[in-house]
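Taking it in order: structure first as structure tokens, then the write-up.
The values are calculated or read from the model by the stated rules, or taken from the named source; none is laboratory data. This one's a predicted model, so the numbers in the text were calculated from it and none came from an experiment. Every residue, glycine among them, receives a Cβ derived from its backbone with ideal geometry; neighbour counts consider all protein chains shown.
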């Protein structure tokens, strides 16, 4: 693989990473809406399963945030490598 091909591959990977980040951000938005509806639906519920499900929904934002930060770090490392290639 030539340097040119390597750089193109890294750029393509960065584009895919940016698309993944946008998709995750859209999922976070949808999850936020779903969480709000779930909170309204099971308000004052004593059902154990409903409470567990709500806790899981509330944790989605944190998981998506971690994934987005990992994507940002991967792109930053890829860009640093591109810079070192010249």
Could you please give the count of residues in the range 2-26 that are more than 22 Å from residue 73 (Cα to Cα) and in a helix (DSSP H, G or I)? 3
Have a look at 29, 45 and point out the one that is outside any helix (DSSP H, G or I) and without any contact (Cβ under 8 Å) to a residue 60 or more places away in the chain. 45
Pull out all pairs, ordered by first then second residue, where Cβ-Cβ is under 6 Å, the residues are six or more apart or on different chains, the first lies in the range 8-21 and is under 19 Å from residue 69 (Cα atoms), and the second is modelled with pLDDT under 95 and part of a helix (DSSP H, G or I). 10/82
Going through (1) more than 15 Å from the chain's Cα centre (by Cα); (2) in contact (Cβ under 8 Å) with a residue 40 or more places away in the chain one by one, residue 39 fails only at (2)
